[in-house]
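Shown next, in structure tokens, is the structure this report addresses.
The values are calculated or read from the model by the stated rules, or taken from the named source; none is laboratory data. These numbers were taken from a predicted model, which means no experiment stands behind them. When we count neighbours, we look across all protein chains shown, and the Cβ atoms used for this are built from the backbone with ideal geometry, even at glycine. The accessibility values were calculated without ligands, DNA or RNA, using every heavy atom of the protein model including side chains. Shrake-Rupley method; radii C 1.70, N 1.55, O 1.52, S 1.80 Å.
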Amino acid sequence: MDFSSLAVLSGLPAQDPYHAVGLPIYATAAYGFTDLEDGAYKFATNQGYTYTRIQNPTVAALEARLTALEGALGAVCLASGQAASFASLLALVRSGDEVVAGPGLFGGTVGLLNQVFGLMGIRVHFVEPEVAAVRAAMNEKTRAVFVEVLGNPSLKLPDLQGLARLCEEHQVALVVDNTFGAVGALARPLEHGAHVVVHSLTKWASGHGSILGGAVLSRETALWQHYPQFSSPDAQGKIPWEQFGPRCFLERVRQLGLSLGGMVLSPFNAYLLFQGLETLTLRLERASQTALILARWLQAQPQVAWVRYPGLPGDPAHPRAAQYLRGGFGSIVTFGIRGGMEGASRFLAHLNILQAPNVGDARTLAVHPWTTTHSRIPEEARRAAGVGPEMIRLSVGLESPQDLQQMLAAGLRAVEQVGHEG
Ligand SMILES: *Cc1c(COP(=O)(O)O)cnc(C)c1O
């Protein structure tokens with residue numbers, strides 16, 4: 001079935017007693033047992049429902065829909081994208097292990113890797129997400145390579161197939177933050193060999209900037225048998241790889257992230273995300289078209305020093321975007337205002353567009369990454385991540401392109417005045 005059909009048809013529970021067409025919200029913390037044996041069986045096997053920290057039918061429906069959309073083996077939903085990145089790596093590393101990560105990552109991910117994993121004795125190497133650089137940073141302690149499908153906000157696109165081959169050779173998991181891939185509507189890294197994808201569902205899945213959510217998905221793979229946490233006996237004396245096969249990674253994410261870590265997605269948010277996915281194709285198509293119109297228009301404005309959008313034929317990411325993206329080039333445009341920090345400040349002071357640190361909202365949002373999302377990253381690393389003081393990140397929403405041009409023009413006129421005042 002096509003993505004747009006799966007987006008509305010997949011995941012609905014089959015046995016609803018009322019044949020509900022929409023997804024019911026199961027607002028319950030616990031689930032009853034019929035007798036001692038029933039409870040004992042469910043606890044021993046993790047089959048069926050016991051407690052919502054571990055599993056909930058509304059959340060399970062969302063997991064089933066995400067699995068269909070990404071063409072994955074399965075999914076685990078968590079409270080936020082941050083929780084998803086955290087839990088995915090937690091399942092892969094143990095103290096003393098190492099991770100290789102791209103430098104142009106989302107600011108929260110850089111903080112997570114440096115600070116949280118740093119505390120746990122995990123060393124992280126930040127290198128360009130290119131095969132040669134990643135190969136050079138890998139060693140026998142490397143357990144994961146973590147990249148973004150489209151850098152936020154660098155809009156760099158890694159060579160996913162090349163990285164997947166390298167990781168397969170070294171028996172290391174390739175984890176791709178596919179948030180900017182819009183839950184498979186724009187990119188499906190699992191099809192190109194990534195072992196794991198993580199999502200901030202807060203962005204394009206929600207689509208309305210109203211709630212937070214995250215997910216970890218993985219594909220069919222025999223990779224996990226090379227990890228000691230999957231190939232040696234666990235606390236119950238069972239070998240996860242023998243017990244769960246390729247699902248052992250997702251079981252560990254559920255165990256560490258949800259059952260023990262408690263980073264649980266509320267069933268109410270799961271319901272909203274499930275519904276949000278139903279209009280994802282339409283929203284992304286419209287926003288991608290508008291983003292291309294605005295990117296071309298911005299290129300022609302004298303106050304704009306540069307524009308990055310993977311859909312522009314001259315963009316450095318364009319060749320790989322043509323290979324890896326489908327159904328458009330996404331709704332993120334970044335550009336540099338002439339006059340650096342001063343110009344950017346003038347521009348934002350007069351811009352009639354909402355300024356907020358989010359993407360994938362129905363509304364267009366502008367942000368100055370240098371002083372907000374990436375402000376806690378050391379200056380040199382910020383520049384390496386493709387962020388400069390002149391940069392504006394625009395997440396294009398569903399307003400008309402003409403209205404958005406006018407809103408942007410108001411900001412640009414203020415930049416022009418800097419020049420006129422000398
Ligand atoms: C927003 C974002 C995250 C974090 O997600 P939250 O839902 O805000 O926790 C991670 N990665 C990328 C690329 C993001 O844009």
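From the list V216, V253, the lone residue that is in a helix (DSSP H, G or I), farther than 30 Å from R346 by Cβ and in contact with a strand residue (DSSP E or B) (Cβ under 6 Å, 6 or more places away or on another chain) is V253. Exactly one residue out of V216, V172, V198, V147 is surrounded by 18 or more Cβ atoms within 10 Å (Cβ to Cβ) and in contact with an Asp or Glu (Cβ under 6 Å, 6 or more places away or on another chain), and it is V198. Considered as a group, the residues in region 2-22 that are closer than 18 Å to T281 by Cβ and touching a residue at least 12 places away in the same chain (Cβ under 8 Å) include one that is least open to solvent (accessible area, probe 1.4 Å), and that residue is A7.
Listed by first and then second residue, the pairs linking a residue in region 341-365 that is surrounded by 22 or more Cβ atoms within 10 Å (Cβ to Cβ) to a residue that is not aliphatic (A, V, I, L, M) and not in a loop (DSSP other than H, G, I, E, B), with Cβ atoms under 6 Å apart and 6 or more places separating them unless they lie on different chains, are F347/G411; V359/S395. Can we say G107 is within 12 Å of the ligand (Cβ to nearest atom), in contact (Cβ under 8 Å) with a residue 40 or more places away in the chain and open to solvent by 20 Å² or more (accessible area, probe 1.4 Å)? No: the conditions fail for G107. Keeping to region 67-79, report how many residues are within 16 Å of the ligand (Cβ to nearest atom) and out of contact with any Phe, Trp or Tyr (no Cβ under 9 Å at 6 or more places or on another chain). Result for region 67-79: 5. For region 53-100, the tally of residues that are open to solvent by 20 Å² or more (accessible area, probe 1.4 Å), in a helix (DSSP H, G or I) and of a type in the set (G, A, S) stands at 3.
Table: residues versus (1) more than 25 Å from the chain's Cα centre (by Cα); (2) in the same structural domain as N152 (by TED's automatic domain parsing).
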residue: L212; (1), (2): no, yes
residue: P233; (1), (2): yes, yes
residue: G262; (1), (2): no, yes
residue: A270; (1), (2): no, yes
residue: L294; (1), (2): no, no
residue: A300; (1), (2): yes, no
residue: A305; (1), (2): yes, no
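Entry remark, region 319-340: residues being under 29 Å from L272 (Cβ atoms), open to solvent by 60 Å² or more (accessible area, probe 1.4 Å) and out of contact with any Ser or Thr (no Cβ under 8 Å at 6 or more places or on another chain) number 1 in total. Within region 222-249, the set of residues being in a helix (DSSP H, G or I), touching a residue at least 40 places away in the same chain (Cβ under 8 Å) and crowded, with 23+ Cβ neighbours inside 10 Å comprises just one member, F249. Determine whether R413 is surrounded by 16 or more Cβ atoms within 10 Å (Cβ to Cβ) and not in a loop (DSSP other than H, G, I, E, B). Here the answer is no, as R413 does not meet what is asked.
In the set (1) away from the ligand (no atom under 16 Å from the Cβ); (2) of a type in the set (A, V, I, L, M); (3) open to solvent by less than 20 Å² (accessible area, probe 1.4 Å); (4) touching a residue at least 24 places away in the same chain (Cβ under 8 Å), the condition left unmet by L312 is number (4). With respect to the stated conditions, V131 fails to be within 14 Å of the ligand (Cβ to nearest atom), more than 21 Å from L265 (Cβ to Cβ) and not small (G, A, S).
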